[in-house]
Amino acid sequence: MDLSEPIYDFLLVFLGLGLILGGLGVVLFTNPIYSAFSLGFLLVCISLFYILSNSYFVAAAQLLIYVGAINVLILFAVMFMNGSEDYKDFNLWTVGNGVTSLVCTSIFVLLITIILDTSWYGIIWTTKANQIIEQDLISNSQQLGIHLSTDFFLSFEFISIILLVALIGAIAVARQ
């Protein structure tokens, strides 16, 4: 995308704010439907980040898979819940909440460790100058596959495990 630097910076800050607000909405909304819509907004902001970095294939895959399939599945699971009965027996702190907070905190620490240990200098961002060189060597999809299977293998698998746990949780909530 050929944008001037001030517009690019504005969009970057605007999308970053959208990510922060969407993440806070997912966690802080008490109504699960609002939380699921906030998750959809968050995933769309992530897709727009991919568009800003000229990764159109990843942006389309993000929209189709995560927003179009996974978020819709979560919305269906939330809508099948009977919300008025679930909040009557609400306890402030249980053993399950303690285990959940311990698991979430350890996942957060592991993600921060992965982010800090990743060498970000080896990433080739796609620009017009790089696209001409890349077309001669490898296509963008092949380069993406190479990066996901070598440099970002651990991060990619870790995120897939987090999404699997979220789907199992959505199914468990829907079955109650």
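The values are calculated or read from the model by the stated rules, or taken from the named source; none is laboratory data. What you see is a predicted model, and the numbers here were worked out from it, not measured in a lab. Note: ideal-geometry Cβ built from the backbone for every residue, glycine included; neighbour counts use all protein chains shown. Note: areas computed on protein heavy atoms with side chains; ligands, DNA, RNA excluded. Shrake-Rupley method; radii C 1.70, N 1.55, O 1.52, S 1.80 Å.
Among residues belonging to segment 50-60 that are in a helix (DSSP H, G or I) and open to solvent by less than 30 Å² (accessible area, probe 1.4 Å), point out the one that is farthest from LEU167 (Cα to Cα). The qualifying residue farthest from LEU167 (Cα to Cα) is LEU52. Every condition in (1) at pLDDT below 85; (2) assigned to a helix (DSSP H, G or I); (3) over 29 Å from LEU3 (Cα atoms) holds for SER35 except the one numbered (1). Pairs are defined by a Cβ separation below 8 Å, a sequence spacing of at least 6 or placement on different chains, a first member in segment 149-160 that is over 17 Å from VAL103 (Cα atoms) and open to solvent by 70 Å² or more (accessible area, probe 1.4 Å), and a second member that is in a loop (DSSP other than H, G, I, E, B) and at pLDDT below 80; the pairs so defined are ASP151/THR118; ASP151/SER119; ASP151/ILE123.
A count restricted to segment 114-144 and to residues that are in a helix (DSSP H, G or I), at pLDDT 75 or above and either open to solvent by less than 60 Å² (accessible area, probe 1.4 Å) or among the hydrophobic types (A, V, I, L, M, F, W, C) (or both) stands at 3. Residues considered: PHE29, PHE41. Of these, the only one that is within 21 Å of LEU163 (Cβ to Cβ), open to solvent by 90 Å² or more (accessible area, probe 1.4 Å) and modelled with pLDDT of 90 or more is PHE41.
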